[in-house]
Amino acid sequence: MSHWTETFFGEHFREFGFDIQAPEKTRLEAEFIAEALGISPGDKVLDLCCGVGRHSLVLAEMGYDVTGIDLTKYYIECAEKSTSKLGLNCNFLTGDMRNIPFVGEFDAIFNYFTSWGYYSSEEDLEVLRQVTKALKPGGRFLLEVMSRDWIMREFIPLDFEIHGNHEMIQYRRFDPETSMMLVEYIYLENRKVVRQDSVDLRIYSLHEIYELYRRAGLKPVQAWGEQQGGPFIFDKSKRCVVLGLK
């Protein structure tokens, strides 16, 4: 039986997940990523679960040597087309974050936009171990996910977005005993259902991420509460951005 990650991502999610992101927002996030990772132009950077490469492309423009990996072949093809169109030097490849095909290669790695917590707890830990393997000694890793503390306080069971004549509805259920969130997605075109999907996400708290970092060989260094920086405040921060050092 296939895992939901193999079928969920595609053109339908791209419209609501990536295309609606303002370029200015993406640039601010990329600038923060570079600052948090402490990288310099020419450094080798891995965008783990890069999607269509929106952060990768900005970082490449800024002078970094960027590689992007994503499980969804369609997204990699989109990223490659953008790279060619913009005349940038990025390397994109299709791959699974549980098996990163590099050893001691990168000065820094980042994983953004809640692209972790997709599998079992042991597999999520294995992703971090793969990150450690792919980093050079002294390399840094930046992870950005939703904050469990925020979800426990501000849980939103129903949400929807409209983009032209397309709509996306999300029904969410959260189990506080397992920290698993089930999200059912319904896509509509001209008010008619055209696709339905569901995902299971493991939502982690900051202290759990710190513990998994340590088990994976990463030293927790700092945490922020927003995609563009800002302090992590446990009773206010919606996001959890965590820096680790190999």
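The values are calculated or read from the model by the stated rules, or taken from the named source; none is laboratory data. Because the structure is a prediction, the values reported are computed rather than measured. All Cβ positions, even for glycine, are placed from backbone atoms using ideal geometry, and neighbour counts span all protein chains on display.
Listed by position, the helices (runs of 4 or more DSSP H) enclosed by region 1-102 that each have at least 3 residues that are under 25 Å from residue 130 (Cα atoms) are 23-37, 54-61, 73-86. Taking each residue of region 6-17 that is modelled with pLDDT of 90 or more and looking for partners that are part of a helix (DSSP H, G or I) with beta-carbon atoms closer than 7 Å, six or more apart or interchain, yields 9/75; 10/74; 11/74. The conditions of being farther than 23 Å from residue 30 by Cβ and assigned by TED's automatic domain parsing to the domain that holds residue 70 are met by residue 122. Of all residues in region 153-182, those being under 19 Å from residue 208 (Cβ atoms) and surrounded by 14 or more Cβ atoms within 10 Å (Cβ to Cβ) number 4. Return the pairs, sorted by first residue and then second, in which the second residue is in a loop (DSSP other than H, G, I, E, B) and aromatic (Phe, Trp, Tyr), the first residue lies in region 61-79 and is assigned by TED's automatic domain parsing to the domain that holds residue 104, the beta carbons are less than 6 Å apart, and the residues are 6+ apart or on different chains. Filtered contacts from region 61-79: 72/9.
Between 95, 63, 51, the distinction of being modelled with pLDDT of 95 or more, over 23 Å from residue 13 (Cβ atoms) and of a type in the set (Gly, Ala, Ser) belongs to 63 only. Condition first: within 16 Å of the chain's Cα centre (by Cα), surrounded by 24 or more Cβ atoms within 10 Å (Cβ to Cβ), farther than 23 Å from residue 104 by Cα and of a type outside the set (Gly, Ala, Ser). Can you find one or more residues in region 29-46 that meet it? No, every residue in region 29-46 fails to be within 16 Å of the chain's Cα centre (by Cα), surrounded by 24 or more Cβ atoms within 10 Å (Cβ to Cβ), farther than 23 Å from residue 104 by Cα and of a type outside the set (Gly, Ala, Ser). Restrict the check to region 36-57 and report whether at least one residue is over 27 Å from residue 246 (Cβ atoms) and not acidic (Asp, Glu). Checked region 36-57: at least one residue is over 27 Å from residue 246 (Cβ atoms) and not acidic (Asp, Glu). Just one of the listed residues (160, 110) is at pLDDT below 95, of a type in the set (A, V, I, L, M, F, W, C) and either part of a loop (DSSP other than H, G, I, E, B) or in contact with an Asp or Glu (Cβ under 7 Å, 6 or more places away or on another chain) (or both), namely 160. The residues in region 169-199 that are within 25 Å of residue 237 (Cα to Cα) and either in a loop (DSSP other than H, G, I, E, B) or not hydroxyl-bearing (Ser, Thr, Tyr) (or both) can be counted, and the count is 16.
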